[in-house]
Amino acid sequence: MRKIRLILALAIIGQISCEDSLESVPGDAYSDAVIYSDIEAIDNLVFYTYNTTENWGLNFSNWWTRRIGIEGASDEAYFHWASNTLFTSNYSTTDSNNFGFYVDIWSRDYDYIGTANNFLSRIDEAPVGESNPDEIAVLKGEMKYLRAHTYARLINFFGGVPLITEPFSLNDESFSVPRSSYEECVDFIVSELDEAISLLPDGARTGPEFGRVSKAAALGLKSRVLLYAASAQHDPGSTASPRGAMYDYTKPSKWQDASDAAKELIDLGEYTLEPVSTADDYHSIFLRPNSELIFARPFSPDFANAGNDFNTLPDKAHGAVANGGWGLSNPTHNFIQRIKMNNGLRIDEPGSGYDENDLYANRELRFYANFNYQGSSFKGLELEYWSPFGNSSKDLPGNDGRHFAITGYNVKKFLDPNITIDVEQSPNRPYPLIRFPEILLNYAEAQYHLGNEGEARLYASMVAERVGLPAITSSGDALLDDIKYERSMELYFEGHRYFDLRRWMDSRLGEDVVGVQWEKQNASGELDANGTLVMLGPNLIDDRTFNIEDYYLPIPFNEIERAGLEQNQGY
């Protein structure tokens, strides 16, 4: 049934879209009459537009980006196969045609915006609205959310962008649409979400409606957009990131607005943190719908990522070679060494109990749930990351000479231990788009910046204590660091870290990637498969740089030439 819906949706899109990215041409009278008089056709149109939401891969424009996300452009992970310069935002470039893995973000997103514009410009006068008013109201709310979601992603990557809300063609006099300021874009997105909130149903959408937008989802995105806007990256007083109308957010009430948006969702009382006692309990949260999942993209045998192309899913793409995976995105040793001990202390704090000879012992619960490492076990197999050939971190047994854990680690989060890789798909695993812990941490961060440290500690502690860490008692800069830590661990591999580091203007931007290697040596220090396991490193994996222009991607050069758009600073 899903395949039939998708084919019909694609046929509809083919009738009402065109190739130009800042263009969306209405269909002919016949196709309009068919589409806008049939509730199922309209629902299929909205169904197709959900493809604008994020999924396991960065995009579908490149073979690799169907399998890896944005994690490799931050300190979360290193993509070990192709040249990492394909993540242009972590490597300085002045070439506005060189987007690497970010290719087509601009054109793809404006295509989806064009689809939403066509729908929203026609639906109020359409015959189907008279016969199905309640259903159409909800679909309008979904489309407004999806358009807002897409604009939110665009401003995260580019700063201020052209705000286009009506269909238009190359022949329109208004074709040359200038970039709106960043603040104007935020105001528009928030306004769209407020309208969506008034139209969308209360409560979680379950059963056949799982994965569709709810009022809480719109509140969650509003919370995120306002938090990002309030952050240092958009502070007009900062001189270390690009400045001007395309980047600045000037509202004095910015932190209060961010706080209010998060608290409104919290106060709905519809979502709670899942209780956990063990790392396995925590790991299982990400394999099924649950009480803290506000909005997600469903993936199952009925909603496949790319048909039977199992290697686009995390089990194959990121699993350890020994388990039959490719291990494409390897967690960095930098990130691992920032993970707290189970007593809540960082490894370099007095009394932490950290032992450099047993560096993975007594870490906090999420470490064991999110990562595979030397000596860990998964799918009934103890994973070994040592090599008898002196070329370590090859994730033996099972190294095929191409896929290996170059940093000494593999991702474990999202991997289903109960399926056969290349044969089965995890039956209920969704891709999380908004989770309740993010909203708690959004609120905590906003409260911190408002000077309400007690409230900030309370809500950040909810996330920390859920995994067995002690309540947060810090204050000042240390409290903000603890809030940031909770985001880094709780939202790991969910597409947040890339944007968090930028909006915080964090010193880790451009930090060199390091990893560890393992060998077995005899008493003479020679390689010996029967010898003692020895860790080598940390070793340099990637020499990264980060310059001021890397806070944003360049506007595509063809858009600069065609529409006369202002280019981002540094390009």
Output the 0 to 90 degree angle, nearest 10, between the alpha-carbon long axis of helix 133-158 and the longest principal axis computed from the alpha carbons of the chain. 50
Rounded to the nearest 10 degrees, what's the angle between the helix 476-490 long axis and the longest principal axis of the chain, both from Cα atoms, 0 to 90? 80
Report relative contact order for the chain in percent, whole number only (criteria: Cα-Cα under 8 Å, sequence separation at least 6). 17
If R₀ is 30 angstrom, what is the calculated FRET efficiency for the pair Thr206 and Thr473, using the beta carbon separation as r and rounding to 0.05? 0.20
√(5λ) per eigenvalue of the Cα gyration tensor, the chain, largest first, Å: 40, 26, 25
Mind giving me the FRET efficiency for Arg243 and Glu166? R0 is 51 Å, r the Cβ-Cβ distance, nearest 0.05 is fine. 0.95
For Ile560, what charge total do you get from the other residues with a beta carbon under 11 Å from its beta carbon, if Lys and Arg give +1 and Asp and Glu give -1? -1
Peptide ranges 426-435, 318-327 listed from the most packed, as the mean C-beta count within 10 angstrom indicates: 318-327, 426-435
Please give the helix 182-199 orientation as an angle from the longest Cα principal axis of the chain, in degrees from 0 to 90, rounded to the nearest 10. 80
Ignoring everything except DSSP H segments at least 4 long, calculate the 222 nm mean residue ellipticity for the chain; use -39,500 (n - 2.57) per segment, divide by total residues, nearest 500. -11000 deg cm²/dmol
What accessible area, in Å² to the nearest ten, does a 1.4 Å probe give for Met505? 40
Which percent of the accessible area of the chain is formed by carbon and sulfur heavy atoms (probe 1.4 angstrom)? 49
Below 11 angstrom from the Cβ of Asp550, what's the summed charge of the other residues (Lys, Arg +1; Asp, Glu -1)? +1
Is the range 118-266 rounded, prolate or oblate when judged by the Cα gyration tensor, a ≥ b ≥ c being the square roots of its eigenvalues, rounded requiring a/c under 1.5 and prolate requiring a/b larger than b/c? oblate
I'd like to know which of Ala77, Thr278, Met462 lies farthest towards the positive end of the charge dipole of the chain, counting +1 on Cβ of Lys and Arg and -1 on Cβ of Asp and Glu. Thr278
Could you work out how much longer the chain between Ser107 and Thr545 gets when fully extended? Use 0.36 nm per residue separation minus the Cα distance between them, nm to one decimal. 154.9 nm
Nearest-0.05 FRET efficiency for Asp124 and Leu533 at R0 = 56 Å, using Cβ-Cβ distance, is 0.25
Set of lysines with alpha-carbon distance to Lys340 below 27 Å, sequence-local pairs under 8 removed: Lys379, Lys394, Lys412, Lys413, Lys484
Taking Lys144 as the anchor, which lysines have their alpha carbon closer than 21 Å to its alpha carbon, excluding any fewer than eight residues away along the same chain? Lys215, Lys222
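Grab the other residues whose beta carbon is less than 12 angstrom from that of Lys263, score K and R as +1, D and E as -1, and report the net.
Residues near Lys263 contribute -4 overall.
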Under the 7 Å Cα-to-Cβ spin-label approximation, Asp32 and Gln567 lie apart by a distance in nanometres of 3.9
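The values are calculated or read from the model by the stated rules, or taken from the named source; none is laboratory data. These numbers were taken from a predicted model, which means no experiment stands behind them. Note: ideal-geometry Cβ built from the backbone for every residue, glycine included; neighbour counts use all protein chains shown. Surface accessibility is based on the protein's heavy atoms, side chains included, excluding ligands, DNA and RNA. Shrake-Rupley method; radii C 1.70, N 1.55, O 1.52, S 1.80 Å.
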